[in-house]
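Data block below; observations after.
Read the figures in this text as sums done on the coordinates, not as results from a lab. Keep in mind that this is a model prediction, so the values were computed, not measured. FYI the Cβ positions are ideal-geometry reconstructions off the backbone, even for glycines, and counts take in every protein chain you see.
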Amino acid sequence: MDEFPPVKDSVLVVDDEVTNLSLVAAVLRQDYQVKISKSGEKALRLVHREPPDLILLDVMMPGMDGYAVCRELKANEHTRDIPVIFLTSQSDAENEEYGLHLGAVDYITRPIRPGILRSRVQAQLSLARASRAMRVSNAYLEFEVGRRARQLTAMQDVTILTMAALSETRDSDTGNHLRRTQNYVRLLAHHMQRLPAYAGYLSDAVVQILYRCAPLHDIGKVGIPDRILLKPGRFNAEEYTLMQRHPTLGRDALARAQRVAGSTASVLDGAADFFEIAKELVYSHHEKWDGSGYPQGLAGEAIPLSARLMALADVYDALISPRVYKPAFSHAKASAMIVEGSGTFFDPAVVEAFLAQEAAFEAVARRYADTALELAEKADFAISAIGPVALASVKTA
């Protein structure tokens with residue numbers, strides 16, 4: 001079978017002197033595909049149309065000189081990696097230094113010595129090939145690392161949602177409560193990160209962490225005994241006190257997971273931030289702006305921002321969702337109750353963010369609305385009917 005001849009590297013020679021072009025072409029033609037151009041302007045058009053592997057560039061040319069050509073090549077992301085060698089009669093050190101400063105890889109002065117020219121062209125082409133191979137390898141590695149990181153993040157998200165969903169099956173919340181509330185939290189955080197008072201904390205990375213950890217907000221309920229969590233009536237004082245332990249149980253579980261993750265060499269960057277924010281959100285999302293919440297009775301800005309966002313998202317979803325003790329409220333009614341709770345239940349700034357995002361909240365509620373089957377399945381796990389509902393008793397725990 002006939003073998004194809006090896007493809008030669010291409011070299012573009014740019015010079016306004018025909019004699020110089022002919023001489024260089026004669027020296028290089030045996031080993032390379034030699035292209036010529038008699039002006040800088042034409043050379044640039046040729047490069048953009050069919051990029052060469054290397055450019056030999058004269059300095060002194062009418063119109064656009066070699067330095068200007070080199071500057072334009074290096075300013076363009078599509079041509080900046082093409083190696084440029086100045087080939088000129090300008091032999092003083094100042095010109096050579098300036099040419100190298102512009103990005104040329106070499107500077108050769110006339111008269112041409114064929115052996116030296118071939119050697120230096122070959123050296124730069126070898127370096128260029130190695131550089132291209134390195135860029136391709138780095139691009140592949142970057143892509144692969146990103147792909148693996150996305151896979152790992154997806155698996156983590158599925159794990160988080162699965163763990164949270166297991167806890168939710170023992171509560172009265174409806175099927176897509178987790179999806180809705182995490183999207184509500186992200187809407188609030190995205191709005192507030194545009195405000196100067198919160199921009200320093202609510203980076204894009206923090207907003208993403210809030211979105212990912214929001215489904216864990218009631219994970220501590222897995223530690224509440226069935227006799228309390230599944231009780232078909234009102235809690236007595238002792239039972240209510242035990243139910244109020246679930247934020248602490250959730251925080252402590254996350255703290256244990258954080259210690260395990262911290263002892264693992266493969267833990268990803270950002271894991272510490274995830275756990276810290278998740279612990280805040282889980283532990284404090286039942287705190288109220290006026291200090292009447294639990295478990296610590298925190299008030300105002302002493303409540304972590306993550307928990308303030310989660311508190312509003314959680315209550316809004318409880319209001320618009322059907323429960324055994326109430327029908328689903330309309331968005332308008334839920335919104336009015338949220339506004340009524342501004343400054344008592346909720347951070348007024350978070351309420352303002354909610355009002356600015358009302359249409360988006362409604363869109364999320366429609367997108368992740370529970371089906372009739374999901375509602376029927378969750379109704380089997382309802383824990384109590386608490387009678388007439390006011391904002392202060394939307395959820396008993």
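Pairs exceeding a 23 Å alpha-carbon distance, out of LYS231/LYS333; LYS38/LYS74; LYS221/LYS288; LYS221/LYS333: LYS231/LYS333; LYS221/LYS333.
Centroid-to-centroid, using Cα positions, region 279-331 and region 182-211 are 17 Å apart.
When you count the other C-beta atoms within 10 angstrom of each residue and take the mean per peptide, 298-311, 332-345 line up highest first as 298-311, 332-345. I'd like the FRET efficiency for ARG49 and ARG194, computed as 1/(1 + (r/R0)^6) with the beta carbon distance as r and R0 of 41 Å, rounded to 0.05. Efficiency at R0 = 41 Å is approximately 0.35. Ranked by the mean number of other Cβ atoms within 10 Å of their residues, highest first, the peptides 186-196, 43-53 fall in the order 186-196, 43-53. Region 1-72 and region 114-130 have Cα centres separated by 14 Å.
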